[in-house]
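Right, one structure below, let's go through it.
The values are calculated or read from the model by the stated rules, or taken from the named source; none is laboratory data. Please read these numbers as outputs of a predicted model, since none were measured by experiment. Glycine also receives a Cβ, built like all others from the backbone with ideal geometry; neighbour counts cover every protein chain displayed. Note: accessible area is taken over every heavy atom of the protein model, side chains too, but ligands, DNA and RNA are not part of it. Shrake-Rupley method; radii C 1.70, N 1.55, O 1.52, S 1.80 Å.
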Amino acid sequence: MQKKIRPVQLLLIAVLSISGAYAQPMKKEAPKLLVGITIDRLRSDYLQLFFDGFGERGFKRLMKEGLVYTDVQFEFPEIDKSSSVSTIYTGANPFYSGIVSDKVYDIKQKKIRPSLFDSRYMGNYTSETLSPDNILVSTIGDELKIATQGLCDVYAVAPEYQVALLSAGHAANGAFWLDDLNGRWATTTYFKEIPWYVDKYNSQESLATFIESKTWENMHPVSFYTYFPYIKPLSGFKYVYNDFNRFKLFKTSPLVNEEVNRLVERFFEYGTLGKKDIPDFLSVSYFAGSPDDKNVREYSVELQDTYFRLDKELEKLLDLIDKKAGLQNTVIFVASTGYFTDKETVPTLVNLPVGEFYPKRCLALLNMYLMAVYGQGNWVDTYYDKQIYLNRKLIEDKQIPIGDIQNKAADFLIDFSGIQDVFTSHDILHGRWNEIMLNIRNGFHRSVSGDLLLEILPGWKIVQEDNPSEKDEYVRTAHIPTPLIIMGPNVPAQTIQRKIKATQIAPSVSRLLRIRVPNASTDDALPEIR
């Protein structure tokens with residue numbers, strides 16, 4: 001005989017049913033489009049400094065409507081375009097990604113080469129032979145391709161090849177950058193095809209057809225550029241681009257951001273970005289540095305103008321995305337390359353402790369010392385980027401333990417003026433551990449890094465004696481505050497002051513896309529991302 005359900009039981013069942021319905025998490029749809037914006041040398045303190053000069057629909061819109069982190073930390077020294085961008089898009093430090101810097105010393109060929117050099121692939125609209133194959137791990141774009149079974153579109157547009165290839169990844173449809181010699185949008189034959197509208201742009205509308213008529217002048221009256229304290233602007237400026245180095249110089253001006261947007265418009269106009277049931281991915285890169293890495297004090301008006309012009313280009317991009325794909329369907333993140341190059345020197349009247357470090361002289365003395373210890377021979381191969389490479393073949397032939405000779409060399413070098421510390425590759429891979437050592441290890445990769453890594457004192461100048469094409473380097477290790485902004489559906493609008501890791505960007509973006517994190521990404525997503 002069936003039991004009769006009492007009214008109070010019916011009420012309880014109803015309440016529990018309603019509670020259960022509310023307890024079920026609402027399904028969050030994946031966005032139709034991901035736009036990753038990488039801004040070379042963007043600084044959080046400059047965004048705050050210039051904030052009142054921005055319009056309402058560029059930086060201000062991102063900062064008011066997005067999730068803003070003011071202090072992104074790259075956990076390794078010697079940050080540059082390649083090492084930072086690979087970290088952003090793989091979620092892994094150079095120790096795993098293999099991308100330690102823009103250029104590396106090829107130990108076998110005994111020459112400096114781009115970190116993305118690949119002789120197997122010719123260039124399209126460039127003589128450079130490059131590919132993303134030297135990235136040893138997967139990227140956000142790769143994982144999106146896997147998740148969508150190859151049906152999504154993944155493209156990258158950037159002034160420089162490093163950013164284009166590293167942000168695009170292995171499985172992308174294409175990556176495009178401005179060639180230094182001809183001003184056209186270049187790529188590599190690693191990617192199987194070029195969209196017809198890029199070919200048309202290169203043949204009919206490229207920068208080469210109008211660069212000599214381009215002029216970069218201050219867009220506001222000089223009296224407007226008063227955002228740097230202690231620096232009073234005296235005059236405006238005017239740059240023209242008509243000499244043999246014109247395309248390379250153009251790429252260190254804010255005008256290059258306009259050129260990036262011109263090509264991006266073609267992708268939205270003629271391509272299918274954001275128009276499918278699965279998410280597409282577009283990486284866009286802009287420039288926010290000083291012209292040709294000059295002194296900020298001397299070029300303060302230009303730097304301010306760069307930020308205000310970039311603000312206008314961000315406004316154009318956001319409006320374009322809204323019109324073509326809908327901001328409500330799009331996740332946007334803005335990240336910086338995490339470094340800033342400033343050639344400003346300290347006036348002598350300040351009397352700070354400074355000096356000059358001469359790598360060539362250092363190598364000669366080190367080789368003499370090693371000959372005194374181990375006998376005649378060229379024990380030292382070369383110096384590059386604060387690293388010393390020993391002659392591994394000679395060391396192996398003499399059957400000398402690599403750790404022993406590295407330690408002997410390090411003990412000798414530590415007494416040099418200007419050298420704060422010396423780290424050996426043997427110790428990095430097998431030896432002592434502390435917080436400083438972990439930081440060094442994160443930026444090291446055994447296939448391309450040197451035997452001895454030198455830490456030069458801040459304030460010292462590294463003099464490139466026998467390589468006039470390389471500029472002298474002024475060592476400055478002070479922290480540069482760099483931002484991350486994420487804007488999209490289900491992303492809370494707030495500003496977070498705590499420090500976060502650059503390696504948290506990829507897992508956070510992956511969570512928003514509902515895909516796996518890149519295969520070497522071990523950090524958690526940011527807790528504000530649900």
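Quick notes on this structure:
- Residue match in the range 172-192 (condition: open to solvent by 50 Å² or more (accessible area, probe 1.4 Å), closer than 29 Å to ARG446 by Cβ, of a type outside the set (Phe, Trp, Tyr) and out of contact with any Phe, Trp or Tyr (no Cβ under 8 Å at 6 or more places or on another chain)): no
- Any hit, the range 390-400, residues being in contact with a strand residue (DSSP E or B) (Cβ under 7 Å, 6 or more places away or on another chain) and modelled with pLDDT of 95 or more: yes
- Output for the range 104-118, where each listed residue is open to solvent by 70 Å² or more (accessible area, probe 1.4 Å) and closer than 18 Å to GLY169 by Cα: PHE117
- One residue alone among GLY183, GLY123, GLY174 is touching a residue at least 12 places away in the same chain (Cβ under 8 Å) and either of a type in the set (Lys, Arg) or within 26 Å of LEU33 (Cβ to Cβ) (or both), and that residue is GLY174.
- Residue match in the range 507-520 (condition: on the phi > 0 side of the Ramachandran plot and over 21 Å from the mean Cα position of the chain (by Cα)): yes
- In the range 508-530, the residues that are assigned to a helix (DSSP H, G or I) and open to solvent by 70 Å² or more (accessible area, probe 1.4 Å): ARG511
- Of the residues GLY450, GLY418, the single one that is within 22 Å of SER86 (Cβ to Cβ) and either surrounded by 14 or more Cβ atoms within 10 Å (Cβ to Cβ) or touching a residue at least 24 places away in the same chain (Cβ under 8 Å) (or both) is GLY450.
- All conditions in (1) open to solvent by 20 Å² or more (accessible area, probe 1.4 Å); (2) under 31 Å from the mean Cα position of the chain (by Cα) hold for ILE400, with the sole exception of (2).
- Subset of the range 159-171 (residues that are in contact (Cβ under 8 Å) with a residue 40 or more places away in the chain and over 21 Å from TRP196 (Cβ atoms)): PRO159, GLU160, TYR161, GLN162, VAL163, LEU165, LEU166, SER167, GLY169
- Residues in the range 136-161 that are among the aliphatic types (A, V, I, L, M) and open to solvent by 20 Å² or more (accessible area, probe 1.4 Å): LEU136, ILE146, ALA147, LEU151.
- Flag if PHE247 is of a type in the set (Phe, Trp, Tyr) and open to solvent by less than 30 Å² (accessible area, probe 1.4 Å): yes
- ARG361, sole failed condition from (1) more than 26 Å from ASP102 (Cβ to Cβ); (2) touching a residue at least 40 places away in the same chain (Cβ under 8 Å): (1)
- The condition (being of a type outside the set (Phe, Trp, Tyr), over 28 Å from ASP472 (Cα atoms) and in contact (Cβ under 8 Å) with a residue 12 or more places away in the chain) is satisfied by just one residue among ASN367, ASN329, ASN391, ASN378: ASN329.
- Restricted to the range 54-105, the set of helices (runs of 4 or more DSSP H) holding at least 3 residues that are more than 13 Å from the chain's Cα centre (by Cα) and closer than 30 Å to TYR225 by Cβ comprises 59-65.
- Helices (runs of 4 or more DSSP H) enclosed by the range 150-264 - at least 1 residues per element that are more than 28 Å from TYR89 (Cα to Cα): 196-204, 246-250
- Filter result for ILE480 (open to solvent by less than 70 Å² (accessible area, probe 1.4 Å) and modelled with pLDDT of 95 or more): no
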